[in-house]
Amino acid sequence: MGYDVQHWIGGTETAGTGSTQPILNPATGQEVGTLHLGDAGTVDRAVEVATAAQREWATVSLAKRTQIMYRMRQLMIEHTEEIARAITREHGKTVADATGEIARGLETLEFATSITQELKGGFSENVSTGVDAHTMRQPLGVVAGITPFNFPAMVPFWMHPIALATGNAFILKPSERDPSASNIVARLYQEAGVPDGVFQVVHGGKETVDALCTHPGIAAVSFVGSTPIAQHVHATASAAGKRVQALGGANNHAVVMPDANIEFAAGQIASGAFGSAGERCMAVPVAVTVGDAHEPFLEAIAAEANKLVVGPGDDPTTDMPPVITAAARERVLRMADEAEQAGGRLVVDGRGLVVEGHENGNFVGPIVVTDLDRTHPTYTDEVFGPLLVVMHVNNFDEAVELVNSSPFGNGTAIFTDSGHYARRYQEEIQVGMVGVNVPIPTPVGYYSFGGWKDSLFGEHHAHGPEGVGFYTRQKAITTRWPAQNETVESSMSFPTHD
Ligand code: NAD
């Protein structure tokens with residue numbers, strides 16, 4: 001039914017030998033297309049093609065690779081609307097939000113256009129008498145990226161522009177829920193001049209992921225998704241001898257100090273909690289009010305939540321779209337029910353929301369819960385939906401202690417007028433990305449993105465300079481050019497420099 005999404009191998013679409021599954025529109029619950037799922041055979045074929053293509057690609061000059069990246073940037077800009085609409089149809093988010101994620105993804109592509117700077121090695125003359133030393137960074141070979149449903153364009157863009165610009169071949173395994181954007185990107189890379197086989201897409205679920213994590217022809221795996229799968233990918237691919245970066249889930253807290261501009265904080269936190277229906281890894285599902293901030297914040301956040309228009313992503317008046325699946329909707333509703341049963345107060349209750357004309361869509365209205373115990377799962381677990389928990393503490397130290405007690409450490413924010421507390425927060429918080437009066441502190445493409453603790457497994461953060469480090473390895477070269485008739489004494493002892 002509808003359209004067909006196949007693998008992109010060797011510069012062309014191929015159905016492969018695996019099974020298929022329907023692609024659903026979250027706003028209607030209806031099937032819109034069919035996805036071909038990969039298997040070990042599909043991965044074998046993609047790796048074989050990539051291995052041959054990468055040998056050639058690594059020899060293409062930096063000048064030519066850079067020109068291709070510039071062309072790709074232009075093509076992405078020209079096709080933004082097409083990609084954004086495909087994302088809205090399969091993910092559900094608003095077209096404006098999808099356009100925003102494409103723009104943020106392009107930051108990494110823009111960074112990759114200056115890869116010439118990042119790949120400069122070091123050179124030292126005369127490290128010993130008549131001996132020079134230099135370093136260079138070389139690609140790893142064939143690398144794979146496995147990505148989540150919530151950013152079908154941006155998250156893959158954290159990976160492939162840098163992998164390609166540094167001379168690797170890249171195999172993308174996007175989420176099976178919203179696969180179309182990746183095939184459009186593959187077509188555009190081809191149009192930009194990337195040789196066939198250098199960028200490929202293999203679709204599928206666990207079988208495809210496990211084949212990528214264990215295939216001997218793949219040198220490195222980048223993963224972004226939930227914490228249990230991040231741990232699985234990190235363990236499986238590491239055991240198979242690969243370099244791995246695996247970014248996991250999150251439960252980001254925003255602290256609201258009593259001196260903060262409460263209206264401003266509530267507006268920003270509402271955008272973090274309810275934008276994209278809370279399905280962002282840098283969403284803000286927890287607000288921590290300090291001292292007297294509690295009651296005014298509850299009033300202000302309720303006002304923000306109650307004015308949101310919930311509807312389909314292709315309606316320009318929509319503020320908050322549906323969640324990804326019926327199961328995700330049920331989970332949010334269950335977590336709200338359990339919070340209420342445990343004595344939680346629902347300050348805003350979007351459980352009963354029905355969007356007219358979209359009765360089968362996965363809609364749930366904004367929910368704000370307070371008075372929950374810090375051990376309750378609706379607070380401790382990642383909800384990944386439009387449910388904000390407001391926790392109350394007495395002072396700054398208690399806020400820091402609460403945030404640091406979470407097993408996750410992806411992002412956090414503090415809302416305050418005090419430079420003193422903002423500075424202490426940056427210093428004391430055990431989280432990888434921190435915002436000061438900024439609710440979603442996602443670093444720009446030329447910095448790197450990554451959390452701490454259960455939000456990242458592996459040494460490297462994503463994109464920016466750490467991305468270059470991840471997709472390349474260093475070679476150190478020591479050189480001596482003695483004159484043809486020069487006599488150099490050999491010694492059996494370990495060489496020292498003189
Ligand atoms: P997910 O973990 O279910 O899926 C991620 C990828 O893993 C997909 O490609 C999927 O096909 C694959 N996968 C799923 N189950 C698998 C299994 N059993 N074995 C092997 N592979 C499997 O995540 P999702 O639901 O697509 O995305 C939401 C999650 O991603 C949230 O937890 C969110 O916090 C996280 N996320 C984190 C970041 C970050 O930067 N840390 C960014 C975006 C999303």
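Under 5 Å from the amide H of D259 lie the amide H atoms of D417, each residue being 5 or more positions distant or on a separate chain, with H modelled from the backbone and absent for Pro and chain starts.
Grouping the Cα pair distances of the chain into 20 Å bins from zero gives a pair-distance distribution of 23, 50, 22, 4, 0 percent in increasing distance order. Counting Lys +1, Arg +1, Asp -1, Glu -1, what net charge surrounds G33 among other residues with beta carbon under 9 Å of its beta carbon? Net charge around G33: -2. I367: net charge of surrounding residues, Cβ under 11 Å, Lys/Arg +1, Asp/Glu -1, itself excluded? So the surrounding residues net to -2.
If you take the charge dipole of the stretch 366-444 about its Cα centre, with +1 on Lys and Arg Cβ and -1 on Asp and Glu Cβ, which of T375, L388, P441 is farthest toward its positive end? Final value for the positive-end residue is P441. The Rg/Rh ratio of the stretch 234-287, with Rg taken over Cα atoms and Rh as the Kirkwood radius over Cα pairs, comes to 1.26. In the chain, if the dipole is taken from +1 on Lys/Arg beta carbons and -1 on Asp/Glu beta carbons about the Cα centre, which of A237, I102, N404 is farthest to the positive end? So the residue furthest toward the plus end is A237.
Tally Lys/Arg at +1 and Asp/Glu at -1 over every other residue whose Cβ is under 13 Å from the Cβ of A98; what's the total? Within the 13 Å Cβ shell, the charges total -3. A straight Cα-to-Cα reach below 30 Å connects K307 with the lysines K93, residues fewer than 8 places away in its own chain not being considered. Computed over the stretch 4-58, the quotient of the alpha carbon radius of gyration and 2.2 N^0.38 Å is 1.44. Cross-link partners of K173 among aspartates and glutamates, defined as those whose alpha carbon lies under 13 angstrom from its own and excluding same-chain residues fewer than eight positions apart: D39, E207, D210. Mean projected area of the Cα convex hull of the stretch 253-436, taken over all directions, amounts to 9.8 nm². Approximating the spin labels as points 7 Å out from Cα along Cα→Cβ, the H497-to-E427 distance works out to 3.7 nm.
Place the peptides 419-431, 480-492 in order of packing, highest mean first, counting for every residue the other Cβ atoms within 10 Å and averaging per peptide.
Per-residue mean Cβ counts within 10 Å order the peptides as 419-431, 480-492.
Taken along the Cα-to-beta-carbon direction at a fixed 7 Å, the label points for N485 and V354 span 10.2 nm. Only Cα pairs under 8 Å and 6+ residues apart enter the sum, and on that basis the relative contact order of the stretch 253-436 stands at 27 percent. Return the sequence-ordered ³J(HN,Hα) values of the stretch 357-362 in whole Hz as given by the Karplus equation 6.51 cos²θ - 1.76 cosθ + 1.60 applied to θ = phi - 60°, using x for Gly and Pro. Those phi angles translate into x, 10, 5, 9, x, 8 Hz.
According to the square roots a ≥ b ≥ c of the eigenvalues of the Cα gyration tensor, what is the shape class of the stretch 33-114, taking rounded for a/c under 1.5, prolate for a/b larger than b/c otherwise, and oblate for the remainder? Oblate, because a/c is 1.5 or more while a/b does not exceed b/c.
Calculated FRET efficiency, A103 to T325, Cβ-Cβ distance, R0 = 30 Å: about 0.70 to the nearest 0.05. Given their separation in residues at 0.36 nm each and the Cα-Cα distance between them, I77 and A303 gain 77.7 nm when the chain is fully extended. Label positions at Q231 and T129, each projected 7 Å from the Cα along the C-beta direction, are separated by 5.9 nm.
When both the stretch 143-190 and the stretch 220-238 are represented by their alpha-carbon centers, they are found 16 Å apart. Along the axis of the charge dipole computed for the stretch 253-436 (Cβ charges of +1 for Lys and Arg, -1 for Asp and Glu, origin at the Cα centre), the listed residues Q430, G352, V255 are led at the positive end by Q430.
Throughout, read-outs are computed from the coordinates displayed, never taken from laboratory work. These numbers were taken from a predicted model, which means no experiment stands behind them. We place every Cβ from the backbone using ideal geometry, glycine too, and count neighbours over all the protein chains shown.
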